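The values are calculated or read from the model by the stated rules, or taken from the named source; none is laboratory data. Since the structure is predicted, the reported quantities are computational estimates derived from the model, not experimental observations. A quick note on method: Cβ atoms are made from the backbone with ideal geometry, for glycine too, and the neighbour counts reach across all protein chains shown. We work out accessible area using only protein heavy atoms, side chains counted, and drop any ligands, DNA or RNA first. Shrake-Rupley method; radii C 1.70, N 1.55, O 1.52, S 1.80 Å.
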Amino acid sequence: MALVIDGERSTGEDVRTSNVTAVMAIANIVRSSLGPTGLDKMLVDNIGDVTITNDGATILKQLDVEHPAAKVLVELADLQDSEVGDGTTSVTILAAELLRRANMLVKQGVHPTTIMSGMRMALKEAVKYVKENLVVPADELGRENLINAAKTSMSSKIIGPDSDFFANMVVDAVQMVRTEPEEGSARKRARYPVSAIHILKCHGRSALDSELVDGFALNTSRAAQGMPTFVENAKLALLDFNLQRHKMQMGVSVVVNEVREVEGIRQREMDITKERIRKIIDAGANVILTTKGIDDLCLKYFVEAGAIACRRVKMEDMRRIARATGGQIVTTLADLEGNENFDPANLGRAEIVREERVGDGELLYIRGTPRSAACTLVLRGANEYMLDEMDRALHDSLMVVKRMLESNALVAGGGAVEAALSMHLESYAMSVATREQMAISEFSEALLVIPRTLAVNAAQDATELVARLRAYHHTAQSNRGREQLKYSGLDLFEGAVRDNLAAGVVEPAISKIKSMRFAVEAAITILRIDDM
Ligand code: ADP
Ligand code: MG
């Protein structure tokens, strides 16, 4: 009896092949953007919005992917982006390559279960090998290493040519938001919350006019000219409601007999508003930020009280400010008894809030916040596409520096880790006398896709370069006294092999390890499917 299902059904070989085809299609899209010589993509959505980017996760996010297996890959890139922040292109390419090779094995008659366990074994061995042999403690060379890692991550991006300038800025920014562990908390190490680094995009001038500002900058100005331009010892009220003249609710009808009474109602409406504002001011607030509007009447009261008020602050910014200043976002003044009041405990604090001119507009700076330090990268650039891409590139670099500082371990880039692992896993495969052997050796081959793609994108002879790279790593692993060669990676501009650790092409170890993990997980997820 045939199983009746609504729709189409395909099984076994067919499903796997169609999944692999879909996944390869996705990987082929991002392939050419890998590495410092990778190219950018221009994506146009159906409204006509344009994104120009080199970032794997961004490219995949913009694609309208329908195939379920391909979606796994898109999610993979997204996961890498949120967990590691960099390496999104690499992880996609690696996952697709693993899957392609796994599918070949299945066709040769190896059972998927064996392949999966082989891949897991290879992964485990690879991670162990990286940790034991390939990592270098990052603080050995200090700041220089952080700068190099930041430079490596931005080398393929739009800001690559100015990487000296931006790498310094990124490292300064991350170090500025260093947060020491709280007294008595389980965490021993300092944290570097990248979310405290605000990126503000300002049109005009050139990228090199971008600057790092200590403090929180908001793209809003005072709501009225009469307000002071700065307030010291600021107490910030963070509101999420409209400040406007109180209006009678819709549908309420009031019968008046005399014209004078109308005037009375109007007066009362104004008084209610005034009382509300008094409550906020009396609580001690001298800077009022709201995500909604403030009308002229309310502005007048704030001006009289000598406070700064800003309207239409983005909720996202508001949350950051709340975190940094220790304030609470207040959504209503009403309390449980039906009265209205403003609790002074909700106020955030800052040493100074000041409006300053930047470029053609004004920004509001909040400096000296007690909870966590905050800083802002004010980016300048010719157009929106450029600014957006700069933002994405800087995000990657910020994450790289953060990872580096938090985990204190780096590895050489430019295919060095992949080639070393490939050589090691090849001999490891020989030592495994079970069916998993084939899967392990396919895994070792798959890793070479990274150096190969890097070389192809750089218009170099990939076959020859990768062969030379393998030879170097073979020497490093088999000859005592030549271990230094384990940092050999590609020099993409010269088409040669060099010591990438010395050349300053470095990446956080954690990003390599995680991307291998994620790639294996994704490949296995798709490989497990045999019925659709
Ligand atoms: P991803 O989205 O995966 O981060 P990138 O386009 O940033 O992709 O490319 C990262 C790869 O490029 C890494 O393998 C890194 O080692 C390599 N790479 C970056 N800079 C250099 C360089 N100057 N020389 C050689 N390889 C480099
Ligand atoms: Mg990168």
- Item | Gap separating the Cα centres of the stretch 369-418 and the stretch 139-163, nearest whole Å | 9 Å
- For a paramagnetic label modelled at 7 Å from the Cα of Asp45 toward its Cβ, which residues of the stretch 382-399 fall within the zone defined by backbone nitrogen distances under 19 Å? 384-393
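Would you mind calculating the gained length between Arg278 and Met532 on full extension (0.36 nm times residue separation, minus the Cα-Cα distance), in nm to one decimal?
Numbers: separation 254, 0.36 × 254 = 91.44 nm, distance 6.48 nm.
Contour length minus Cα-Cα distance gives 85.0 nm.
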- Nearest 10, in degrees from 0 to 90: the angle of helix 296-305 to the longest Cα principal axis of the chain is 80 degrees
- Surrounding net charge for Ala77, when Lys and Arg each add one and Asp and Glu each subtract one, Cβ distance under 12 Å: -4
- In degrees, nearest 10, range 0 to 90: what is the angle between the Cα axis of helix 259-282 and the longest Cα principal axis of the chain? 50 degrees
- Message: For the stretch 1-50, which trypsin sites (Lys or Arg not before Pro) pass both filters: DSSP loop (anything but H, G, I, E, B) and at most 14 other C-beta atoms within 10 Å?
- Response: Arg9
- Query: Where does the longest stretch of the chain lie that holds no GluC sites (Glu not before Pro) found in a DSSP loop with 15 or fewer other Cβ atoms within 10 Å?
  - Reply: 338-493
- Message: Suppose accessible area is computed on protein heavy atoms with a 1.4 Å probe; arrange Ile265, Ile93 from highest to lowest.
- Response: Ile265, Ile93
- Round to a whole angstrom and tell me the spacing of the C-alpha centers of the stretch 64-96 and the stretch 237-311. 50 Å
- Item | Accessible surface, the chain, averaged per residue in Å² (probe 1.4 Å) | 48 Å²
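Summing -39500 (n - 2.57) over the DSSP H runs of n ≥ 4 in the chain and dividing by its residue number, what mean residue ellipticity at 222 nm do you reach, to the nearest 500 deg cm²/dmol? Write out the running numbers ahead of the final one.
On the way: 16 runs with 249 residues, N = 532.
One gets -15500 deg cm²/dmol as the mean residue ellipticity at 222 nm.
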- Classified through the alpha carbon gyration tensor (a ≥ b ≥ c as square roots of its eigenvalues; rounded if a/c is under 1.5, else prolate when a/b is larger than b/c, else oblate), the stretch 131-215 comes out oblate
- In the stretch 437-528, trypsin sites (Lys or Arg not before Pro) in a DSSP loop with at most 16 other beta-carbon atoms within 10 Å: Arg480, Arg482, Arg528
- Note on the structure: Scoring only Lys, Arg, Asp and Glu (+1, +1, -1, -1) among other residues with Cβ under 13 Å from the Cβ of Gly264 yields -2
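Could you give the length gained by full extension between Arg143 and Arg178, i.e. 0.36 nm per residue of separation minus their alpha carbon distance, to one decimal place? Present the calculation step by step, with values, prior to reporting the outcome.
On the way: separation 35, 0.36 × 35 = 12.60 nm, distance 1.46 nm.
Difference between extended and current length: 11.1 nm.
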- Between the DSSP loop rule and a limit of at most 16 other Cβ atoms within 10 Å, which chymotrypsin sites (Phe, Trp or Tyr not before Pro) in the stretch 285-390 are left? none
- With everything on Cα atoms, drop me the angle between helix 436-447 and the longest principal axis of the chain, reported from 0 to 90° to the nearest 10. 60 degrees
- Message: Using only the heavy atoms of the protein chains and a 1.4 Å probe, how would Val520, Val135 rank by accessible area, largest first?
- Response: Val135, Val520
